[in-house]
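K.L.:
Okay, handing you the structure first.
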């Protein structure tokens, strides 16, 4: 079986994307009208390194489903467009998917900032919506047909994203007392920063800096200098990939040296950014969602990873695929199991089933709560240690990305305090 697709560099288009790409493997065994799954995906722009990896994982899932006869005997077809990492493209894109393409199942592409603007469109159409890595998107909408394939969850999804960082901090002696918090003025950072503030208030930590910056910021040096002037014990950034890189480089150049550094930096989980930053990653403590050496990782998850890595180089995507691909594949597993169990794509039946079921996926058993978040969060706090040079292979070594929290999955001790000179 093969995945039929255009190359990624043909995907950039202006405005609402118009390129449709299909993934129909095993069509000889799955006959009839395709069952269509529609979404936008960040294939260009700042979120593209993660978006492209997620897409490949979803294509592999479609290929695997079709190799087994499709869904309800119908071949699965993915219909998607490049959202250009730009929230303003989302309303038009999802309107087209629902009103023109009339997809059977609607799902999201990657990222909170892209999911939130899709919600009103999906809600107006009364469709069941399966999303990919959105932080507490439904906390404002309370839409009963929303289900998030994101390991933040539990009763406090915003806090679950940052909990590990502060659990590790409070283990240190003496405990750090002050925090500088920064993030872009956008949907994801706002949600993440709210979670941090709730945790900090409970712990009695003094906030010495709490500001946002424009999402299109290019020079982070003035921001870092202003933060450094407050002399915080801890620095927590809620940033997307371009911001994360900019903040880290500016911190290195200015000699910013809090005792703990990192927090909610999206992008440090992507192989291309890991190799770009190299030793600048050392001692940074950030979140992560899935690693092949994590205690909860399954053989099924590692087998998927092998399949993904065999295709990654030719597809021009993240070579290791630890971060987003397992969740992109799992999103497709959730859709497949819901469609199979309900015998169709009726949105009411899909939502009713998803509220009650436990889904078997490559990232483990998934059950959703009333808000459509994971019933139990599964977020790690990790620290980069001993990064040397910019090679890829070192990031396959568990000693390079040490799991600090949850304690039951801990693989090593924290290097504390943070020392950017290393």
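The values are calculated or read from the model by the stated rules, or taken from the named source; none is laboratory data. Model, not experiment: these values are computed from the prediction. Note that each Cβ is placed from the backbone with ideal geometry, even for glycine, and that neighbours are counted across all protein chains shown.
K.L.:
Go through (1) in the same structural domain as residue 70 (by TED's automatic domain parsing); (2) closer than 27 Å to residue 140 by Cβ for residue 343 and report which single condition fails.
P.N.:
Every condition holds for residue 343 apart from (2).
K.L.:
Let me ask something else about it. Of (1) buried (at least 23 other Cβ atoms within 10 Å of the Cβ); (2) within 25 Å of residue 287 (Cα to Cα), residue 354 satisfies all except one. Which?
P.N.:
(2)
K.L.:
Could you tell me which of the residues 394, 383, 333 is more than 21 Å from residue 41 (Cα to Cα) and within 22 Å of the chain's Cα centre (by Cα)?
P.N.:
Checking each option against the conditions leaves just 383.
K.L.:
Here's another thing I want to ask about it. Yes or no: residue 53 within 30 Å of residue 245 (Cβ to Cβ), assigned to a helix (DSSP H, G or I) and at pLDDT 95 or above?
P.N.:
yes
K.L.:
Since residue 55 meets every condition but one in (1) in contact with a strand residue (DSSP E or B) (Cβ under 8 Å, 6 or more places away or on another chain); (2) more than 19 Å from residue 326 (Cβ to Cβ), which condition does it not meet?
P.N.:
Just one mismatch for residue 55, condition (2).
K.L.:
Filtering region 336-345 down to residues that are assigned to a helix (DSSP H, G or I) and under 13 Å from residue 130 (Cβ atoms), which residue is farthest from the chain's Cα centre (by Cα)?
P.N.:
Checking each candidate, the answer is 339.
Rundown of residues vs (1) closer than 24 Å to residue 46 by Cα; (2) in contact with a strand residue (DSSP E or B) (Cβ under 7 Å, 6 or more places away or on another chain), yes/no style:
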| position | (1), (2) |
| --- | --- |
| 223 | yes, yes |
| 231 | no, no |
| 239 | yes, yes |
| 242 | yes, no |
| 247 | yes, yes |
| 253 | yes, no |
| 260 | no, yes |
| 268 | yes, yes |
| 272 | yes, no |
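K.L.:
Another one. Take residue 331 and tell me if it is within 22 Å of residue 72 (Cβ to Cβ) and in a helix (DSSP H, G or I).
P.N.:
yes
K.L.:
Could you list, in sequence order, the residues of region 367-422 that are part of a loop (DSSP other than H, G, I, E, B), surrounded by 20 or more Cβ atoms within 10 Å (Cβ to Cβ) and touching a strand residue (DSSP E or B) at 6+ places or on another chain (Cβ under 6 Å)?
P.N.:
Scanning region 367-422 gives 372, 373, 377, 379, 414, 418.
K.L.:
Another one. Closer than 30 Å to residue 75 by Cα, in contact with a strand residue (DSSP E or B) (Cβ under 9 Å, 6 or more places away or on another chain) and at pLDDT 95 or above: does that describe residue 358?
P.N.:
Yes.
K.L.:
Right, next: Which residue is nearest to residue 195 (Cα to Cα), if the candidates are limited to region 346-366 and must be in a loop (DSSP other than H, G, I, E, B) and under 17 Å from the mean Cα position of the chain (by Cα)?
P.N.:
Here the residue is 363.
K.L.:
While we're here: crowded, with 24+ Cβ neighbours inside 10 Å and farther than 10 Å from residue 110 by Cβ: is that true of residue 62 in this structure?
P.N.:
Here the answer is yes, as residue 62 does meet what is asked.
K.L.:
If I ask for residues that are in a loop (DSSP other than H, G, I, E, B) and either buried (at least 21 other Cβ atoms within 10 Å of the Cβ) or in contact (Cβ under 8 Å) with a residue 40 or more places away in the chain (or both), which ones from region 174-184 would you list?
P.N.:
Scanning region 174-184 gives 176, 177.
K.L.:
Of the numbered conditions (1) surrounded by 15 or more Cβ atoms within 10 Å (Cβ to Cβ); (2) touching a helix residue (DSSP H, G or I) at 6+ places or on another chain (Cβ under 7 Å), residue 316 satisfies every one except a single condition; which is it?
P.N.:
(1)
K.L.:
Among what's in region 287-302 and is outside any loop (DSSP other than H, G, I, E, B) and without any contact (Cβ under 8 Å) to a residue 40 or more places away in the chain, pick the residue that is surrounded by the fewest Cβ atoms within 10 Å (Cβ to Cβ).
P.N.:
Ranking the qualifying residues of region 287-302, first place goes to 299.
K.L.:
OK, next. In region 137-151, what residues are at pLDDT below 95 and farther than 17 Å from residue 121 by Cβ?
P.N.:
Correct list: 139 only.
K.L.:
Here are some conditions: (1) surrounded by fewer than 24 Cβ atoms within 10 Å (Cβ to Cβ); (2) in contact (Cβ under 8 Å) with a residue 60 or more places away in the chain. Residue 136 meets all but one. Which one does it not meet?
P.N.:
With respect to (1) surrounded by fewer than 24 Cβ atoms within 10 Å (Cβ to Cβ); (2) in contact (Cβ under 8 Å) with a residue 60 or more places away in the chain, residue 136 is out only on (1).
K.L.:
Still on this structure: Taking the options 231, 198, 216, name whichever one is surrounded by fewer than 16 Cβ atoms within 10 Å (Cβ to Cβ) and touching a helix residue (DSSP H, G or I) at 6+ places or on another chain (Cβ under 8 Å).
P.N.:
198
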